[in-house]
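Below is one structure, written out as structure tokens; comments come after it.
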Amino acid sequence: MSTESPCTLCALARTTGPDHLASLQECEVVLGENQGNLGWCVAILREHAEHMDDLPPERQARVWGDVARVARAIRRVFAAHGEGGGPVRLNYECLGNVVPHIHWHIVPRHEGEPDLRAAVWLRSPEALRGSLTQGERQHLAARLRDALKTL
Ligand SMILES: [Zn+2]
């Protein structure tokens, strides 16, 4: 029996479900499962690779370009919030602790969060997930999709 399990992010990068937002240079972008921070997006490298430094420098630059584009889209969608527009901060995280396939979390940190100086991962699973209805998720995904198209 094989101990290798299929990579869930390889599978997700090949699907275009309702959470899919854009196909960029190197990444597929999806609305994050967790929406405790509204607008949380995940940019998944289209092909399986575990370490950013394994990619040639030009691909690393394209991945970063994709991540920055997602950040701009988030700031456009939430333009009315935060000092000077947009979320007060964006957190960029490439962890790979749970799924070792390069993916970037782009996490907006909104005004009024009680723990703005702490990593979001310290929160409970329920707080991470948030309370968006399916309709609200689809509406937010559509706004982000539109912003990503026009950037
Ligand atoms: Zn993979």
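Count neighbours as other Cβ atoms within 10 Å of each site's Cβ, and list the GluC sites (Glu not before Pro) in segment 65-125 that are DSSP loop with at most 13 such neighbours.
Listed in order of number, the matching sites are 83, 111.
Give me the distance between the Cα centres of segment 95-151 and segment 1-71, rounded to whole Å. Between the Cα centre of segment 95-151 and that of segment 1-71, the gap is 14 Å.
Tally Lys/Arg at +1 and Asp/Glu at -1 over every other residue whose Cβ is under 13 Å from the Cβ of residue 71; what's the total?
Once all neighbours under 13 Å are counted, the net charge is +4.
Net charge dipole, the chain: roughly 540 debye, given to the nearest 20, about the Cα centre with Cβ charges of +1 for Lys and Arg and -1 for Asp and Glu.
Cα gyration tensor of segment 8-150, axes a ≥ b ≥ c as square roots of the eigenvalues: rounded (a/c below 1.5), prolate (a/b > b/c) or oblate? Since a/c stays below 1.5, the shape of segment 8-150 is classed as rounded.
Computed extension gain for residue 138 through residue 20, at 0.36 nm per residue and net of the alpha carbon distance, reaches 41.5 nm.
Once the Cα atoms of helix 57-77 and of the chain are each reduced to a long axis, what angle between those two axes, in degrees from 0 to 90 to the nearest 10, is obtained? Compared with the principal axis, the helix lies near 30 degrees. Relative to the longest principal axis of the Cα atoms of the chain, the long axis of helix 134-150 makes an angle of roughly 80 degrees. Summing charges over neighbours of residue 127, with a neighbour being any other residue whose Cβ is under 11 Å away from its Cβ, gives -1 when K and R count +1 and D and E count -1.
Only sites in a loop by DSSP and with at most 15 other Cβ atoms within 10 Å count here; which trypsin sites (Lys or Arg not before Pro) in segment 55-151 make the cut? Intermediate values should be presented prior to the final figure.
On the way: sites: 59, 62, 69, 72, 75, 76, 89, 109, 117, 123, 129, 137, 143, 145, 149; in loops: 117, 123.
In loop regions of segment 55-151 (DSSP not H, G, I, E or B), the sparsely surrounded trypsin sites (Lys or Arg not before Pro) are 117.
The alpha-carbon atoms of segment 89-134, seen along their principal axes, cover 32, 26, 18 angstrom, with the largest extent given first.
Taking only DSSP H segments of four or more residues, each worth -39500 (n - 2.57), what value at 222 nm results for the chain once the sum is divided by all its residues, to the nearest 500 deg cm²/dmol? Using -39500 (n - 2.57) per qualifying helix, the result is -10000 deg cm²/dmol.
Cysteines in the chain that lack a partner Cβ within the 4.7 Å cut-off: 27, 41, 94.
Read-outs throughout are calculated quantities, based only on the coordinates presented, and are distinct from any laboratory measurement. Everything quoted here is computed from the prediction, not taken from an experiment. For neighbour counting, all protein chains shown are included, and Cβ atoms are generated from backbone atoms with ideal geometry for every residue, glycine included.
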